[in-house]
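Nothing in this text is a laboratory measurement; each read-out follows from the coordinates by a stated rule. Fair warning: this is a prediction, and the values are worked out from it, not measured in the lab. Here Cβ is always computed from backbone atoms with ideal geometry, including for glycine, and neighbour counts include all displayed protein chains.
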Amino acid sequence: MITSRQLEYFRAVARELHFTRAAELLRVAQPALSQQIRKLERQLGVVLVERDHHRVQITAAGAALLGHAERILSDLEAAEQEMLGWAAGVRGRIRLGAARGLGAQLARLLAGFCGAYPAVDVELREETTEEMVADLYAGRLDAATRGGVAASR
């Protein structure tokens, strides 16, 4: 199985077209980088990089892998950033229930919160008290209010 580290190493070599510069950017020893690229090539059964004493070139197979590597590494970085947002509490979802007729008033109150935390999805539902209680117990709402009284699970 291809690892993210192998993809990072390959991407650096493909971008730099130079093993020593790629190793410096990655802060790894050049022989270790070369070894990882050779291991990846053996694993995939294709030559990714043509090397000689004066230059490095990416093969057609290498160019195809580079496109995948860019997308995969970008997705991994995006996933990490999103999870950091969740961990910091600036990303998420809140499902609120409000008594019928209070939705518009509560929406105005939530506008400031939504402006401060744009990555938090706020879902507001107007329901009867009985519906809100059932939805709280079932986990379909995180909190509910029927005016001056608020409840949460």
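Using helices alone, what [θ] at 222 nm do you get for the chain, with -39,500 (n - 2.57) per DSSP H run of 4 or more residues, divided over all residues and rounded to the nearest 500?
-19000 deg cm²/dmol
Counting other Cβ atoms within 10 Å, keep those with at most 16, restrict to DSSP loop, and tell me which chymotrypsin sites (Phe, Trp or Tyr not before Pro) in the stretch 1-67 are left.
Loop-located and lightly packed - none at all.
Counting pairs of alpha carbon atoms under 8 Å apart in space and at least six apart in sequence, what relative contact order in percent does the chain give?
17
For a quick check: with amide H placed at 1.01 Å from N, whose amide H comes under 5 Å from Arg125's, ignoring anything fewer than 5 positions away on the same chain?
Amide H neighbours of Arg125: Leu96, Gly97, Ala98.
I'd like to know how the chain sits against the 2.2 N^0.38 Å rule of thumb: what's its Cα Rg over that expected value?
Relative to the 2.2 N^0.38 Å estimate, the chain comes out at 1.75.
Which three semi-axes in whole Å describe the equivalent ellipsoid of the stretch 4-86, each the square root of 5 times a Cα gyration tensor eigenvalue, listed largest first?
24, 15, 11
Between Thr20 and His68, what length in nm is gained on full extension when 0.36 nm per residue of separation is reduced by their alpha carbon distance?
This chain segment gains 14.9 nm when fully extended.
Looking only at the chain, where both bridge partners belong to it, what percent of the DSSP beta bridges are antiparallel (to the nearest 5)?
Around 35 percent antiparallel, to the nearest 5.
Just to confirm the filter: which trypsin sites (Lys or Arg not before Pro) across the stretch 1-70 are DSSP coil and have at most 10 other Cβ within 10 angstrom of their Cβ?
Arg27, Arg55
Can you give me the Cα centroid spacing of the stretch 91-139 and the stretch 1-40 in angstrom?
A separation of 49 Å, based on Cα centres.
Which of rounded, prolate or oblate describes the stretch 89-152 when judged by the alpha-carbon gyration tensor and an a/c cut-off of 1.5?
Oblate is the answer for the stretch 89-152, as a/c is 1.5 or above yet b/c matches or exceeds a/b.
Relative to the Cα centre, what is the charge dipole magnitude of the chain, using +1 at the beta carbon of each Lys and Arg, -1 at the beta carbon of each Asp and Glu, and rounding to the nearest 20 debye?
Magnitude of the dipole: close to 360 debye.
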